[in-house]
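Report on one structure; see the data block that follows.
Since every read-out is calculated from the coordinates, none of them should be taken as a lab result. Nothing here was measured: the structure is a model prediction, and the numbers come from that model. Here the Cβ is made from the backbone with ideal geometry for all residues, glycine too, and neighbour counts use every protein chain on show.
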Amino acid sequence: MSITFSTEPSPITGFAFTCGHDNGRTEHRFGSYEDARVFLQGELDAHGYTGGLAVCGDVDCCSFGLMHIEAIESDPAPDLNVTNVNARHLLELLGLDSESDEGGCLSGSVSAEDFLGRVLLAQAVSPSDAGIPARQETGLGGVTIVHMGRPVGYSEDRLAALRELADFAINRRRTIQWC
Ligand SMILES: [Zn+2]
């Protein structure tokens, strides 16, 4: 499970396909999700897979892979993806609610100004993260449980990335979201 910090999305300008690789977005631009879905279904019906549309160069995607529909935003925001455990740590540093809802989901939103204020305060009061070493323990039935820990300097690194996100959001007058 992971959490992504970003802003509310910008207007969608069209739909393309992607295999999931960084360079995997096709040049298609469909005006609606439904048009993209019909086209993709046509490929699937004709070939049994949709990898013929892939542009990434990876043979697994290009021959037998499956493509997904991707909404193209006019002005995508930076995003920061972290594990749930680390998201909770960051939310605590920011003085934000780090409790999951009944569904076990950790999500929320605040104004860009509020978020920036919290990041600046966190940067001021928690200047250096000593990290948490990874460790193993043996659970019930001899199962090995690995706790991933947190690298030294983790908080500073991530707070700097959140600062960039906050600046972007203020600039664009967009709300910060995480989910
Ligand atoms: Zn690919």
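Which value, in debye to the nearest 20, gives the size of the charge dipole of the stretch 82-172 about its Cα centre, when Lys and Arg are +1 and Asp and Glu are -1 at the Cβ?
On the way: 7 positive and 13 negative charges, 56 e Å.
Computed about the Cα centre, the dipole is about 260 debye.
Run lengths n ≥ 4 of DSSP H only: what is the helix-derived mean residue ellipticity at 222 nm for the chain, with -39500 (n - 2.57) per run over all residues, to the nearest 500? Intermediate values should be presented prior to the final figure.
Details: 5 runs with 64 residues, N = 179.
Theoretical 222 nm ellipticity from helices: -11500 deg cm²/dmol.
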> Taking only Cα atoms, what is the 0 to 90° angle, nearest 10, from helix 33-47's long axis to the longest principal axis of the chain?
Replying inline: 60
> Relative to the longest principal Cα axis of the chain, at what angle does helix 154-172 sit, 0 to 90 degrees, rounded to 10?
Replying inline: 60
>> For the chain, give me every cysteine whose Cβ has no other Cys Cβ within less than 4.7 Å, ordered by residue number.
In response: Cys56, Cys62, Cys105, Cys179
> Under unit Cβ charges (Lys, Arg +1; Asp, Glu -1), what dipole magnitude, rounded to 20 debye, does the chain have relative to its Cα centre?
Replying inline: 320
>> If you fit an axis through the alpha-carbon atoms of helix 84-93 and take the longest principal axis of the Cα set of the chain, what angle between them do you get, 0 to 90°, nearest 10?
In response: 50
>> In whole Hz and in residue order, list the ³J(HN,Hα) couplings for the stretch 143-153 that follow from phi through the Karplus curve 6.51 cos²θ - 1.76 cosθ + 1.60, θ = phi - 60°; x for Gly and Pro.
In response: 6, 7, 10, 9, 9, 5, x, 8, x, 4, x
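How compact is the stretch 12-73 by the rule of thumb for globular proteins, expressed as Cα Rg over 2.2 N^0.38 Å?
On the way: Rg = 10.8 Å, N = 62, 2.2 N^0.38 = 10.6 Å.
Rg over 2.2 N^0.38 Å, computed on Cα atoms: 1.02.
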> Binned at 10 Å from 0, what are the whole-percent values of the Cα-Cα distance distribution for the chain, short to long?
Replying inline: 9, 26, 25, 24, 14, 2
